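No value in this document is a laboratory result; all are computed from the given coordinates. All figures in this text were calculated on a predicted structure; none of them were measured in a lab. A quick note on method: Cβ atoms are made from the backbone with ideal geometry, for glycine too, and the neighbour counts reach across all protein chains shown.
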Amino acid sequence: SRMRRLGMMLSSSCSQSHLALVDVKGFDPSDVSVTVKDGKVTVSAEHKEEHNTLLGKTRNYRKLLKEFSLPPGVDEDEVTYSV
């Protein structure tokens, strides 16, 4: 299960680092942006789709915004992330 894999990933971590996970399912990696500024990590994603159908156009729009405060003592320059 997804939670089991997450638990295994967290328990296999060798360092005492902090970890935040954000579900960006449905977004391409190019849709996702991560910024670290003023003691906060901001994860944002935006995706727009437009399709022509026999009945006209359909449009889909999704947007995600999550913000986390960094723990005290964490240097913004040492924050890493991956999508």
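Between K57 and A20, what FRET efficiency comes out of the Förster formula 1/(1 + (r/R0)^6) with R0 = 41 Å and r the beta carbon distance, rounded to 0.05? With a Förster radius of 41 Å, E is 0.65. Across segment 29-72, the relative contact order, built from alpha-carbon pairs under 8 Å that are at least six residues apart, equals 37 percent.
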